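*Asks:* Got a structure here, written out as structure tokens. Questions coming.
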Amino acid sequence: MTKTILFVDDSESIREIVNFTLQNEGYNVLVSDNGKNALSLLDGKDINLIITDLHMPEMNGIELIKEVRKMPHYQRTPILFLTTESQVAKKMEAKEAGATGWIVKPFVPAKLISAITKVIR
Amino acid sequence: MNNEVNTQVKSYLTFKLGDEVFAANVSKVLNILELTKITKVPKAPAYMKGVINLRGSVLPLIDTRIKFGMSETEFTNNTCILVLDIILSGESVRIGALVDAVHEVLEIDDSQILPPPSLGSKYKSEFIDGMVKLGEEFIMLLNVELIFSTDDILNLKEVTGEVKQKFGDAG
Amino acid sequence: MDKLRQKFIEEASEHIRDIEQSLLTLESNPDNHELIEKIFRSLHTLKGSGAMFGFEKISEFTHELETIYDLIRNNKLILGKEVFDLTLACADHLKILISDEKKDNAEINEEYRNLLEKIHEVYSGESMPGKPSANQKDKKTADTGSDLSTYYIYFKPNADIFDNGTNPLFLIDELTSLGHFMAIPYLQDIPEIETIEPYRCYTHWEVIFATSESSDTLNEIFLFVEDNCVLDIQKLANGNLVDNKKFVKRIEKLKETGKDIGIDALKIISEDLEQSVASKVKKALGDEFRTSFRDYTISSIRVASEKLDHLMNLVSELVTTQARLSLYSENDSSSELTAISENIQKLSRQLRDLAFEIVLVPIDTLITRFQRLVRDLSKELGKEVSFIAKGTETELDKTIIENLTDPLMHIIRNCIDHGIETTEERLKKGKPEQGTILLNAYHSSTNVHIEISDDGKGIDAEKVRKKAVAKGLITEDNYLTEKQIYELLFLPGFSTAEHVTDVSGRGVGMDVVKQKITNIRGEIEIESSKNAGTKLTLKVPLTLSIIDGLLVRVEDIFYLIPLSAVEKIYAINHEDIDGKFNNLIVLGGERIPYFYLRKEFNLEADNNINDQVIVIKYETQKVGLVVDEVIGEYQAVLKPLGRHYKNQEIISAATILGDGTIALVIDVNRAVNHFANIITHMEEKI
């Protein structure tokens, strides 16, 4: 079955290139530009993986991860977040909020895919 | 594409030309300047008011009133220059637009925006992104990108008249 | 996305150009290893970034080409003519792929397949026995055993590992996909069925694992779970123990106990086994390490040209602000302020000069294209032509370089097509078989001269004159010097070719070349002599962004006239010009048409001013401009007026004066033409 990935990032160009890459890999892709909007997309759908940026307007990535983990349906859905090398503290914060892993920015598609295959098959 | 981005609240800057209120998406407005020394460029169309020195670069200045088919802007204490960032044939271009007064920034939800009226001439409605009702007044959301990239004079006065007929009286 | 793609396209074009350039240099110097490395790196980058931006074909294509160059750089294949031509063809195809990736054109696809096939032929036909595989990874995990190491991995996830979405089995899978392994799961902690909690993890693993990957890679697999598990990764031995029958046998025995084996026990076992394998591996590793370690120093960096434009803007802003500061400090008695101001003036001048230097680009960047043009075109026309470029290190503003490309291409095309004779003709004339085109660039005061000369048949002045007569451009009894006749070539629509050839007859003639050179404030000259050849000299300014001008005033607006065009300044009486019918004034014994700028700009005449006439000259045409006041010489940083003023007839740019006032820069070429048109018009009326 085709897996569905929700990608949350406030940068349109990043959304587009990730959307492009993931669809090329045969995933279903949903995109959203901030946490709040992402939450409304989760409802009533079967999403297999969530990838989110941490810095976003409205609702940031950490808040989003916390909210998602409160939803029974998504308690064990893998969540990856985007981070830069320099944000070690953020990494821990996000993991404590319930994230599965992270992808270091900037990334190339191969890196993105390899991170994804660590958590879904 | 399986894109889903939710509706958004966008900010609009409202400004006055004569008695009419218009609005432009704030994402296009870089700056609001007070009147400054204008250098007139000879042999230019009337709506091209001249150029001003914007922190070391030369900014073309457009008399929005003339562009909209009104009389030339008379300078008052309220006259302002909107510095706009528009895309012209694929290139980002900065221009200044003279307006009679700047009002306020409105938060407008996409859902509040009424579609542009289909006016007698299709050509005119392209310049309007939509309409918003504010109290008893209708405000036209202008597509500044399009308006300031054409060489034509737009008879917006005519448009506002038609809009009033269509919406104003009924609403 | 489009923007990203655009970036990629720009970058890719540059790489393709680099590849071409390196190849053309390699043609005469095939042993230059550095250039081969350069080609390899360019291909590698194209391969890597192509896929990311949706150019899969480019990725696939460069991947195959890269294989060839990998062989070449490892001296397993010789860069022969076949490979050489193939790579040039491939570079051409890459250009098409960049522009036409989205189009599904059968012809392009056909070409693509053909080239791929040829590439295959090259590297499968000529490679040595035991050719390296295209994929480095395949090679490394190949079953040789010599570059493998054996690791011990103990992995015990915390019971709550599922809670954050991790599936430990995926990690074990990922690990084992990297090499040969024995994975021993331990299930003894699983409780009785009644007490099982489905979302808790009760399993742990011991994995013995032979791989060529480094322990870093192995650690990376467990990156996400580092703090949710007990993890121990240790190197057990060099070489592959997993395929060692003795080793496996002893492990099988230990497994039966159902208890963890542990690193210590394993180490003892491995030490019992042969040592010879390990020593071999050590040596091999050492060699590899030495060859892969290189020093890299960065001698230049890439900067987006937008950033340079921005830098230039900031610098000119600084210069302007500094001018204001000087003005202010002059009127202030503080000597301290004066000292600071002078210092800032010095620094900003230096900064400005440096910034102008940064945007200079050597002509060298154009040469590859010309070499390529000469090579392809002379082949096509069956002529022997060599192309020599001198002074290619001469630098010009990048905008000028950009604007020079097309005119130069056209000129060189003309040289090959019309200038240089066929081999037979040349032999008959006693010339060397091979024709020569020489490009020579050098500085001449604030200009750069670029000469393009050929040793071809030269321009037949009589033929040109006759044609001009036939076209009605001159009359039969017009006497023209040879130089004047050559000038005719630049008139619109003039083309000397009797047959419109595929090469030069594309509707653009020398008039377009001239126009383009004029646009960048340049000039063009022709010299020619029969059977000896033709020389064209382009004279272009170093930079377009700075200009020496004469500052004048009309009413309250300042104008700047490029000093290079100013002939003379005369003071005149107002009565001499006002209300005159024919707009002609006698100055220095010459009748010169003049324009009263106040009138031209729709301003009222002012009788109280002592007007001044500035005579400007463009080519042979002189025009007088009447202004209110001449202020003086001024070195100005040019600023564009913006697209909204693109149709301006007289003004081409603006500059900002010390006090922040804007001055408008008069475009001499356009102004003279504009006024000359008016004169012609008036004469017709009369």
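The values are calculated or read from the model by the stated rules, or taken from the named source; none is laboratory data. No experiment lies behind these values; they were computed from the predicted model shown. Virtual Cβ from ideal backbone geometry, glycine too; neighbours counted across all protein chains shown.
*Asks:* Return the pairs, sorted by first residue and then second, in which the second residue is surrounded by fewer than 19 Cβ atoms within 10 Å (Cβ to Cβ), the first residue lies in region C:204-233 and is without any contact (Cβ under 8 Å) to a residue 12 or more places away in the chain, the beta carbons are less than 9 Å apart, and the residues are 6+ apart or on different chains.
*Replies:* Hits for this filter: C:GLU226/C:ASN219; C:ASP227/A:MET92; C:ASP227/C:ASN158.
*Asks:* When only residues in region C:234-260 that are among the polar types (S, T, N, Q) and in contact (Cβ under 8 Å) with a residue 40 or more places away in the chain count, which is surrounded by the most Cβ atoms within 10 Å (Cβ to Cβ)? Walk me through it before giving the result.
*Replies:* We begin by selecting, within region C:234-260, every residue among the polar types (S, T, N, Q); these are C:234, C:238, C:240, C:244, C:257.
If we keep only those that are in contact (Cβ under 8 Å) with a residue 40 or more places away in the chain as well, we get C:234, C:238, C:240.
On the way: C:GLN234: 12, C:ASN238: 21, C:ASN240: 24.
Only one residue fits best here, namely C:ASN240.
*Asks:* Is it the case, given these coordinates, that C:LEU641 is under 24 Å from C:HIS310 (Cβ atoms) and part of a loop (DSSP other than H, G, I, E, B)? Can you show your working first?
*Replies:* Working: under 24 Å from C:HIS310 (Cβ atoms): yes; part of a loop (DSSP other than H, G, I, E, B): yes.
Against the criterion (under 24 Å from C:HIS310 (Cβ atoms) and part of a loop (DSSP other than H, G, I, E, B)), C:LEU641 qualifies.
*Asks:* Can you run down the residue pairs with Cβ atoms below 7 Å, 6 or more apart or on separate chains, where the first is in region C:58-71 and within 11 Å of C:ARG41 (Cα to Cα) and the partner is of a type in the set (Val, Ile, Thr) and assigned to a helix (DSSP H, G or I)?
*Replies:* As it stands, the answer is C:TYR69/C:ILE36; C:TYR69/C:ILE39, since those pairs meet every condition given.
*Asks:* Can you tell me how many residues in region C:627-650 are closer than 30 Å to C:GLY589 by Cα and more than 14 Å from chain B (Cβ to nearest Cβ)?
*Replies:* Looking only at that region, the number is 6.
*Asks:* Among the residues of region C:382-397, which ones are touching a Lys or Arg at 6+ places or on another chain (Cβ under 9 Å) and either surrounded by fewer than 17 Cβ atoms within 10 Å (Cβ to Cβ) or hydroxyl-bearing (Ser, Thr, Tyr) (or both)?
*Replies:* C:GLU384
*Asks:* Shifting gears a bit: Report the residue count in region C:167-199 for those that are of a type in the set (Val, Ile, Thr) and within 14 Å of chain A (Cβ to nearest Cβ). Don't jump to the end; show me each part of the working.
*Replies:* Looking only at region C:167-199, we keep the residues that are of a type in the set (Val, Ile, Thr), and these are C:172, C:176, C:184, C:190, C:193, C:195-196.
Of the ones still in play, those that are also within 14 Å of chain A (Cβ to nearest Cβ) are C:172, C:176.
Total meeting the criteria: 2.
*Asks:* List the strands (runs of 3 or more DSSP E) that sit entirely inside region B:1-97 and contain at least 1 residues that are within 10 Å of chain C (Cβ to nearest Cβ).
*Replies:* Numbers: elements: B:9-17, B:20-25, B:29-34, B:48-54, B:57-63, B:80-88.
Fully inside region B:1-97 and qualifying: B:48-54, B:57-63, B:80-88.
*Asks:* Moving on to the next point. Here are some conditions: (1) exposed (fewer than 14 other Cβ atoms within 10 Å of the Cβ); (2) assigned to a strand (DSSP E or B); (3) of a type in the set (Asp, Glu). C:GLU575 meets all but one. Which one does it not meet?
*Replies:* Condition not satisfied by C:GLU575: (2).
*Asks:* Right, another one. Among the candidates C:GLY588, C:GLY624, C:GLY658, which residue alone is of a type in the set (Gly, Ala, Ser), away from chain B (no Cβ under 14 Å) and farther than 19 Å from C:ALA671 by Cβ?
*Replies:* Numbers: C:GLY624 fails: farther than 19 Å from C:ALA671 by Cβ; C:GLY658 fails: away from chain B (no Cβ under 14 Å).
That would be C:GLY588, the only listed residue that is of a type in the set (Gly, Ala, Ser), away from chain B (no Cβ under 14 Å) and farther than 19 Å from C:ALA671 by Cβ.
*Asks:* Quick check: anything in region C:528-544 under 39 Å from the mean Cα position of the chain (by Cα), touching a residue at least 24 places away in the same chain (Cβ under 8 Å) and within 14 Å of chain B (Cβ to nearest Cβ)?
*Replies:* no
*Asks:* Could you list all residues from region C:63-95 that are part of a helix (DSSP H, G or I) and among the hydrophobic types (A, V, I, L, M, F, W, C)? Show your work before the answer.
*Replies:* So in region C:63-95, the residues part of a helix (DSSP H, G or I) come out as C:63-73, C:81-95.
Hits for region C:63-95 are C:LEU65, C:ILE68, C:LEU71, C:ILE72, C:VAL83, C:PHE84, C:LEU86, C:LEU88, C:ALA89, C:CYS90, C:ALA91, C:LEU94.
This table checks each residue for (1) among the basic types (Lys, Arg); (2) out of contact with any Leu (no Cβ under 9 Å at 6 or more places or on another chain); (3) outside any strand (DSSP E or B).
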residue	(1), (2), (3)
A:ASN37	no, yes, yes
A:GLU93	no, no, yes
A:VAL104	no, no, no
A:LYS118	yes, no, yes
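*Asks:* Restricting to region B:39-81, and then to whatever is under 20 Å from C:VAL554 (Cβ atoms) and in contact with a Lys or Arg (Cβ under 6 Å, 6 or more places away or on another chain), can you tell me which residue is modelled with the lowest pLDDT?
*Replies:* B:VAL58
*Asks:* For C:TYR152, are the conditions met, namely being farther than 30 Å from A:ILE65 by Cβ, away from chain A (no Cβ under 14 Å), among the aromatic types (Phe, Trp, Tyr) and out of contact with any Phe, Trp or Tyr (no Cβ under 7 Å at 6 or more places or on another chain)? Break it down into steps so the answer makes sense when it comes.
*Replies:* Details: farther than 30 Å from A:ILE65 by Cβ: yes; away from chain A (no Cβ under 14 Å): yes; among the aromatic types (Phe, Trp, Tyr): yes; out of contact with any Phe, Trp or Tyr (no Cβ under 7 Å at 6 or more places or on another chain): yes.
Here the answer is yes, as C:TYR152 does meet what is asked.
*Asks:* If I ask for residues that are in contact with a strand residue (DSSP E or B) (Cβ under 6 Å, 6 or more places away or on another chain) and farther than 18 Å from A:GLU58 by Cα, which ones from region A:1-30 would you list? Give the steps one after another, and end with the answer.
*Replies:* Going through region A:1-30, the residues in contact with a strand residue (DSSP E or B) (Cβ under 6 Å, 6 or more places away or on another chain) turn out to be A:2, A:4-9, A:15, A:18-19, A:22-23, A:27-30.
Within region A:1-30, A:THR2, A:THR4, A:ILE5, A:VAL18, A:ASN19, A:LEU22, A:GLN23, A:TYR27, A:ASN28, A:VAL29, A:LEU30 qualify.
*Asks:* What is the residue count in region C:72-98 for residues that are in contact (Cβ under 8 Å) with a residue 24 or more places away in the chain and either of a type in the set (Lys, Arg) or surrounded by 15 or more Cβ atoms within 10 Å (Cβ to Cβ) (or both)?
*Replies:* Looking only at that region, the number is 17.
*Asks:* While we're on this one: Within region A:81-91, does at least one residue satisfy the condition of being part of a loop (DSSP other than H, G, I, E, B), closer than 24 Å to C:CYS201 by Cβ and away from chain C (no Cβ under 11 Å)? Before you say what the answer is, go through the steps one by one.
*Replies:* Of all residues in region A:81-91, those part of a loop (DSSP other than H, G, I, E, B) come to A:85-87.
Filter again for closer than 24 Å to C:CYS201 by Cβ, leaving none.
Looking through region A:81-91, none of the residues is part of a loop (DSSP other than H, G, I, E, B), closer than 24 Å to C:CYS201 by Cβ and away from chain C (no Cβ under 11 Å).
*Asks:* Give me a count of the residues in region C:14-38 that are buried (at least 18 other Cβ atoms within 10 Å of the Cβ) and more than 19 Å from C:GLU82 (Cβ to Cβ).
*Replies:* Looking only at that region, the number is 5.
*Asks:* I'd like the full set of residues that are farther than 20 Å from A:ARG121 by Cα, away from chain C (no Cβ under 11 Å) and not aliphatic (A, V, I, L, M), limited to region A:15-45.
*Replies:* A:SER32, A:ASP33, A:ASN34, A:GLY35, A:LYS36, A:ASN37, A:SER40, A:ASP43, A:GLY44
*Asks:* Specify which of the listed residues (B:ILE52, B:ILE87, B:ILE66) is in contact (Cβ under 8 Å) with a residue 24 or more places away in the chain and over 22 Å from B:ALA101 (Cβ atoms). So that I can check it myself, show each step before the final result.
*Replies:* Details: B:ILE52 fails: over 22 Å from B:ALA101 (Cβ atoms); B:ILE66 fails: over 22 Å from B:ALA101 (Cβ atoms).
Within the list B:ILE52, B:ILE87, B:ILE66, the selection yields B:ILE87.
*Asks:* Within region C:563-578, is there a residue that is under 30 Å from C:VAL361 (Cα atoms) and touching an Asp or Glu at 6+ places or on another chain (Cβ under 9 Å)?
*Replies:* Within region C:563-578, the first condition is being under 30 Å from C:VAL361 (Cα atoms), and the residues that meet it are C:563-566.
Then drop every residue that is not touching an Asp or Glu at 6+ places or on another chain (Cβ under 9 Å), which leaves C:563-564.
Looking through region C:563-578, at least one residue is under 30 Å from C:VAL361 (Cα atoms) and touching an Asp or Glu at 6+ places or on another chain (Cβ under 9 Å).
*Asks:* Look at region C:597-630 and say how many of its residues are at pLDDT 85 or above, part of a strand (DSSP E or B) and of a type outside the set (Val, Ile, Thr).
*Replies:* Step one: list which residues in region C:597-630 are at pLDDT 85 or above, which gives C:597-598, C:612-616, C:622-630.
From what's left, part of a strand (DSSP E or B): C:612-616, C:622-627, C:629-630.
Next cut, of a type outside the set (Val, Ile, Thr) only: C:612, C:622, C:624-625, C:629.
Final tally of qualifying residues: 5.
*Asks:* Quick check, is A:LEU6 touching a helix residue (DSSP H, G or I) at 6+ places or on another chain (Cβ under 8 Å) and buried (at least 21 other Cβ atoms within 10 Å of the Cβ)?
*Replies:* Numbers: touching a helix residue (DSSP H, G or I) at 6+ places or on another chain (Cβ under 8 Å): yes; buried (at least 21 other Cβ atoms within 10 Å of the Cβ): yes.
It is true that A:LEU6 is touching a helix residue (DSSP H, G or I) at 6+ places or on another chain (Cβ under 8 Å) and buried (at least 21 other Cβ atoms within 10 Å of the Cβ).
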